[in-house]
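A.B. asks: I have a structure I would like to understand better, so I am pasting it below and will then ask my questions one at a time.
Derivation of every value follows stated rules applied to the coordinates shown; laboratory data play no part. The structure presented is a predicted model; accordingly, all values stated were derived computationally and were not measured. Here the Cβ is made from the backbone with ideal geometry for all residues, glycine too, and neighbour counts use every protein chain on show.
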There are 2 protein chains.
Amino acid sequence: MTVYLNGRLVADDEARIDPTDRGLTLGDGLFETIAVRGRRAARTDAHLARLGDGAEVIRLAIPLAGDELKEALQDVIEANAIDEGVLRLTLTRGPAPRGLWSPVPAQPTLLITGACQDLTSQEPVPAVIATTTRRNEHSPLSGIKSTSCLDGILAAREAAKRGANDALLLNGAGNLAEATAANLFVVIDGGAVTPPVDDGAMPGVMRADVFRVLSATERTLGPADLSSASEAFLTNSLGIRPLTAVDREPIGDGNPGPVTAEARKIV
Amino acid sequence: MTVYLNGRLVADDEARIDPTDRGLTLGDGLFETIAVRGRRAARTDAHLARLGDGAEVIRLAIPLAGDELKEALQDVIEANAIDEGVLRLTLTRGPAPRGLWSPVPAQPTLLITGACQDLTSQEPVPAVIATTTRRNEHSPLSGIKSTSCLDGILAAREAAKRGANDALLLNGAGNLAEATAANLFVVIDGGAVTPPVDDGAMPGVMRADVFRVLSATERTLGPADLSSASEAFLTNSLGIRPLTAVDREPIGDGNPGPVTAEARKIV
């Protein structure tokens, strides 16, 4: 596999990340997960806009212009002959002396990896509501894709342990925020509803498209709202999955519904 | 500089972290910051116990036994002739395919770096209360030293921007949790008080020692409690710093106090 690292395409087993990189030592970085379809990166403008928003929040310099970033993404697609699959762009603060308070490094680290992956099979998801941890709606990190992801990992492990395929995370106030790596939509009274970003939902690239196409609304949703939903689904850049049960209670009749089918057309 | 990486001592510019390491891509790791005094690592039993607690929370395998870890720490001290300074032990999940949900990697990454540093000068700290972000007392990550540190980085940047030397973080409920990389003690009615771990305070190694020696108490502290404090200080493994002002309001008379001086004797 060939990866892009700081301006060069290199074999993955030759790519070297410095052990003092703040991405490694402090989770001080951003990422984007980008679908590849027909040998092209999908929704790059939206992904790069969000990367820019995150860079603004954590004051991280993006070392390439938008066109150069797109070119680097395409280079990784071509180098690995990815017709359908996933790119992962990771941007970190770069190598620096130890400590939160160390001076800002001269050079951020920009890494792009890619792999072939079948994106068509988006199986129905039975989920649980995570009890291990919660989203922090008081942190701006809930609104950007940072590499400090350990809360999501804890929730994913809990889901796997409880025999589910994903976990929904509550925020500190006890309201629904999102799934471990996807946004939540529920259909209530025929309309699609999704938790607001202020409740700890990631402003997902696919979420934005689904929101527009379905004329969805944003509002605070508690776990009790799931019982009045006729259907629900999870969205991320890689696709849209029906959410068919939560904590072993079926959503609606427990089958994928028509609004989910409508949403899936836009992928 | 020589570092320890996965069983070997290597020159830092030859040490290679794999670009797929989940420590880099997802903040999926733990760390300990350990003082070196008299060419020995300080409080290693307490640090390794806490590392073990964190490994239990995130289900991460520690690849060496305690004695072997201590030997590796000492090897880094000797290789770099560190009489006084700091060791940084970083343990990550290791290289893995993309995604929160990817299978658990076969081999974690264990990295130890070290540097000489003067630990004697612990200057008085004027701090601010961070408004950018908060500690998540609903997450078990607040009780372990994970490498998903970006909230602390945001708070540190805010402090620097506002001309302060540290930031105090509130939790979601609006109570005091800790500083960016240190625990908080305040002296009220002659007694030392520190926020409980359940309020989002890290169970600091130095915090535990100070707590015992000063017969301190744990209780929930709001920002308003700072005005009734006669003195305050911040503790971490590298030392104890007087906290002399918060948001430009002096703590007590704005000078380091006698309880702080007493605490500093135990370093």
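A.B. asks: What number, in percent, do you get for the relative contact order of the range B:135-267 if the mean sequence gap of Cα pairs under 8 Å and at least 6 apart is divided by its residue count?
C.D. replies: Taking the mean separation of contacting Cα pairs over the length of the range B:135-267, I get 21 percent.
A.B. asks: Let me ask you something else. In degrees, nearest 10, range 0 to 90: what is the angle between the Cα axis of helix B:66-79 and the longest Cα principal axis of chain B?
C.D. replies: Long axis of B:66-79 versus the principal axis of chain B: about 90 degrees.
A.B. asks: Once you compute Rg and the Kirkwood Rh from C-alpha atoms, what is the Rg to Rh ratio for the protein assembly as shown?
C.D. replies: Radius of gyration relative to Kirkwood radius: 0.98.
A.B. asks: Compute the helix-to-body angle for B:44-58: its Cα long axis versus the longest principal axis of chain B, expressed 0 to 90° and rounded to tens.
C.D. replies: 80 degrees
A.B. asks: Can you list the residues, at least 5 places off or on another chain, whose amide H is less than 5 Å from the amide H of B:I129, using H built in the peptide plane?
C.D. replies: Result for B:I129 returns B:L168, B:D247.
A.B. asks: What's the tally of Lys pairs in the protein assembly as shown whose alpha-carbon atoms lie under 27 angstrom apart, where the two lysines are 8 or more places apart or on different chains?
C.D. replies: 11
A.B. asks: Would you please give the FRET efficiency between B:D253 and B:S121, computed as 1/(1 + (r/R0)^6) with r the Cβ-Cβ distance and R0 = 22 Å, to the nearest 0.05?
C.D. replies: Once the sixth-power term is evaluated, E becomes 0.50.
A.B. asks: Quote the relative contact order of chain B in percent (integer), defining contacts as alpha-carbon pairs under 8 Å separated by 6+ residues.
C.D. replies: Relative contact order for chain B comes out at 17 percent.
A.B. asks: Taking the Cα centre of the protein assembly as shown as origin and charging only Cβ (+1 Lys, Arg; -1 Asp, Glu), how large is the dipole, in debye to the nearest 20?
C.D. replies: The dipole of the protein assembly as shown has a size of about 80 debye.
A.B. asks: In cubic angstrom, how much convex hull volume per residue do the alpha carbon atoms of the range A:89-140 span?
C.D. replies: So the per-residue hull volume is 186 Å³.
A.B. asks: Testing the spin-label approximation: label points 7 Å from Cα along Cα→Cβ at B:A11 and A:A160. State their distance in nm.
C.D. replies: Reported label-point gap for B:A11 and A:A160 is 3.9 nm.
A.B. asks: While we're on this one: Under 10 Å, Cα contacts only: if you run a Gaussian network model on chain B, which one of B:G85, B:G152, B:G66 comes out with the highest mean-square fluctuation?
C.D. replies: Per the Cα network of chain B with a 10 Å cutoff, B:G66 tops the list.
A.B. asks: Here's something else I'd like to know. Across all directions of projection, what mean area in square nanometres is found for the Cα convex hull of the range B:35-78?
C.D. replies: Orientation-averaged projected area of the Cα hull: 3.1 nm².
A.B. asks: Tell me what chain B gives for mean residue ellipticity at 222 nm when only DSSP H runs of n ≥ 4 count, each as -39,500 (n - 2.57), the sum divided by the residue total, rounded to 500 deg cm²/dmol.
C.D. replies: That comes out to -7000 deg cm²/dmol.
A.B. asks: Taking θ = phi - 60°, what integer Hz values does the Karplus form 6.51 cos²θ - 1.76 cosθ + 1.60 yield along the range A:119-136, in sequence order, with x for Gly and Pro?
C.D. replies: Each residue of the range A:119-136 in turn: 9, 7, 7, 10, 5, x, 10, x, 10, 10, 8, 4, 9, 6, 8, 9, 5, 9 Hz.
A.B. asks: Find the centroid of the Cα atoms in the range A:202-255 and in the range B:64-125, then give the distance between the two in whole Å.
C.D. replies: If you average the Cα positions of each part, the centres end up 42 Å apart.
A.B. asks: Pick from A:P124, A:P196, A:P103: which residue has the top mean-square fluctuation in a GNM of chain A where Cα pairs under 10 Å get a spring?
C.D. replies: In the Gaussian network model the winner is A:P103.
A.B. asks: If you wrap a convex hull around the C-alpha atoms of the range A:125-264 and split its volume per residue, what is the figure in Å³?
C.D. replies: Taking the convex hull of the Cα positions in the range A:125-264, it is 93 Å³ per residue.
A.B. asks: Under 10 Å, Cα contacts only: if you run a Gaussian network model on chain A, which one of A:P108, A:P126, A:P19 comes out with the highest mean-square fluctuation?
C.D. replies: Between A:P108, A:P126, A:P19, it is A:P19 that shows the largest mean-square fluctuation.
A.B. asks: Which whole-Hz ³J(HN,Hα) couplings does the range A:97-105 yield from phi under the Karplus relation 6.51 cos²θ - 1.76 cosθ + 1.60, θ = phi - 60°, glycine and proline marked x?
C.D. replies: Coupling constants for the range A:97-105: x, 3, x, 3, 8, 5, x, 4, x Hz.
A.B. asks: For peptide A:127-136, compute the average count of partner chain beta-carbon atoms within 10 Å of each residue's beta-carbon.
C.D. replies: For peptide A:127-136, the averaged partner shielding equals 3.
A.B. asks: While we're here: Evaluate the relative contact order of the range B:2-116 (contact order divided by residue number), counting alpha-carbon pairs under 8 angstrom at least 6 apart; express in whole percent.
C.D. replies: This gives 37 percent for the range B:2-116.
A.B. asks: First select every other residue whose beta carbon is under 10 angstrom from the beta carbon of A:R134; then total the charges, Lys and Arg +1, Asp and Glu -1.
C.D. replies: So the environment of A:R134 carries a net charge of -2.
A.B. asks: Using θ = phi - 60° and the Karplus relation 6.51 cos²θ - 1.76 cosθ + 1.60, list the HN-Hα couplings for the range B:159-176 in order, rounded to whole Hz, with x at every Gly or Pro.
C.D. replies: Rounded to whole hertz, the list is 4, 4, 5, 8, x, 10, 9, 6, 10, 8, 9, 7, 8, x, 7, x, 9, 5.
A.B. asks: Going 7 Å from the Cα of A:A79 toward and past its Cβ, which residues in the range B:94-133 have a backbone nitrogen under 12 Å from where you end up?
C.D. replies: So the set is empty, nothing qualifies.
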